[in-house]
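Taking it in order: structure first as structure tokens, then the write-up.
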Amino acid sequence: MNASIPASGATRSAPHAAAKARFWDRVARRYAAAAISDLPGYERSVERTRALLTPGDAVLELGCGTGSTALRLASACGPYLATDISPRMIEIAGQRLAASPQPQLRFAVDDADVAQPALDGPFDVVLAFNILHLLDDLDAAVARCARVLRPGGLLISKTPCLSEMNPLIPHLALPLMRALRLAPPVQSLAEADITAACRRQGLEVLTVERHASRGRDVRPFVVARRPIAAGQAGAAAQACQTPKPAERKSIAMSISRS
């Protein structure tokens, strides 16, 4: 199923997008220097993702920040395009790439809330780590991911779900931080919201995992696949550009940025 992007994603106001970019530009240097709160959990997610990638996969990452994860994963696949709304984030990511060159990896400024024809792919894998809750419209974002995936391709996401946190966080702490300009707009999501959005856009949810090494894990790691139509199966196999759906599913079920 070739999902389309709802109009709301494409008509978002330029001032709103600019405000988001300015926020992340302002915190980019601090973001780049911050320690990962649950390093073992993050490492598990990175290794799990590497296991789902295959050599030659074309990968799109949304909301790549300063590029730490992209630099870890790019050696496991083919062409890797990592994007973020913040020019400053991408500038720092580019500096990191220059220090550790990887020819298959490219960074670019892109607003994940808006469909960009230049980024239409197709891609074998779309990565959305710690980004879906920051977008304006979850269904529009998942629809964009579904549209740019090849049949049989994977959407791999990991999302902080505020609805699963202490109620004081989304209802008290976050509004206060927003008022002080210390936090961006955030959706209050739950795991069920993410899996339901995937299914509404025609994706098959293969697995949902939790990778935290301590405490309550509120960041579901979700792997969903764009189905391969019966009429496309022969052409896809002949092109050999993406693993067969059965192979993808086997990988995804083999193991039952924090």
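Some observations on this one:
- Lone unmet requirement of (1) in contact with a Pro (Cβ under 7 Å, 6 or more places away or on another chain); (2) open to solvent by 30 Å² or more (accessible area, probe 1.4 Å) for Ala58: (2)
- Matching residues, the stretch 148-167, being closer than 25 Å to Ile228 by Cβ, more than 10 Å from the chain's Cα centre (by Cα) and surrounded by 20 or more Cβ atoms within 10 Å (Cβ to Cβ): Val148, Leu149, Arg150, Gly152, Gly153, Leu154
- Filter result for Ile90 (over 13 Å from the mean Cα position of the chain (by Cα), aliphatic (A, V, I, L, M) and assigned to a loop (DSSP other than H, G, I, E, B)): no
- Condition met for Arg144 (open to solvent by 30 Å² or more (accessible area, probe 1.4 Å), under 21 Å from Leu52 (Cα atoms) and under 18 Å from the mean Cα position of the chain (by Cα)): no
- Top-ranked residue in the stretch 87-102 [being of a type in the set (A, V, I, L, M, F, W, C) and under 24 Å from Thr54 (Cα atoms); ranked as surrounded by the most Cβ atoms within 10 Å (Cβ to Cβ)]: Ala93
- Members of the stretch 61-86 that are touching a strand residue (DSSP E or B) at 6+ places or on another chain (Cβ under 8 Å), farther than 18 Å from Cys145 by Cβ and open to solvent by 20 Å² or more (accessible area, probe 1.4 Å): Leu71
- Any hit, the stretch 186-196, residues being open to solvent by less than 70 Å² (accessible area, probe 1.4 Å), in a helix (DSSP H, G or I), closer than 18 Å to Leu132 by Cα and of a type in the set (D, E, K, R): yes
- One residue from Pro170, Pro175 being open to solvent by less than 40 Å² (accessible area, probe 1.4 Å), at pLDDT below 85, over 28 Å from Cys77 (Cα atoms) and more than 19 Å from the chain's Cα centre (by Cα): Pro170
- Selected residue (criterion: surrounded by the most Cβ atoms within 10 Å (Cβ to Cβ)) from residues of the stretch 125-141 that are more than 19 Å from Lys20 (Cα to Cα) and touching a Leu at 6+ places or on another chain (Cβ under 6 Å): Val125
- Any hit, the stretch 217-227, residues being part of a helix (DSSP H, G or I), hydrophobic (A, V, I, L, M, F, W, C), modelled with pLDDT of 90 or more and open to solvent by less than 50 Å² (accessible area, probe 1.4 Å): no
- First in the stretch 44-67 and on the phi < 0 side of the Ramachandran plot and acidic (Asp, Glu), second anywhere and modelled with pLDDT under 95 and open to solvent by 10 Å² or more (accessible area, probe 1.4 Å), Cβ under 8 Å, 6 or more apart: Asp57/Thr242
- Of all the criteria given as (1) under 19 Å from Ala93 (Cβ atoms); (2) not in a loop (DSSP other than H, G, I, E, B), the one not satisfied by Ala112 is (2).
- Restricting Asp120, Asp111, Asp124 to residues that are touching a Lys or Arg at 6+ places or on another chain (Cβ under 9 Å) and modelled with pLDDT of 95 or more narrows the list to Asp124.
- The test for being surrounded by 18 or more Cβ atoms within 10 Å (Cβ to Cβ) and either modelled with pLDDT of 85 or more or assigned to a loop (DSSP other than H, G, I, E, B) (or both) holds for Leu206.
- Test for Thr66: is it more than 26 Å from Arg26 (Cβ to Cβ), assigned to a loop (DSSP other than H, G, I, E, B) and modelled with pLDDT of 95 or more: no
- Among the residues making up the stretch 11-55, those that are surrounded by 17 or more Cβ atoms within 10 Å (Cβ to Cβ) and among the small types (Gly, Ala, Ser) are Ala21, Ala28, Ala32, Gly41, Ser45.
The values are calculated or read from the model by the stated rules, or taken from the named source; none is laboratory data. The structure presented is a predicted model; accordingly, all values stated were derived computationally and were not measured. Glycine also receives a Cβ, built like all others from the backbone with ideal geometry; neighbour counts cover every protein chain displayed. Protein only, heavy atoms only, side chains kept; ligands, DNA and RNA dropped before computing areas. Shrake-Rupley method; radii C 1.70, N 1.55, O 1.52, S 1.80 Å.
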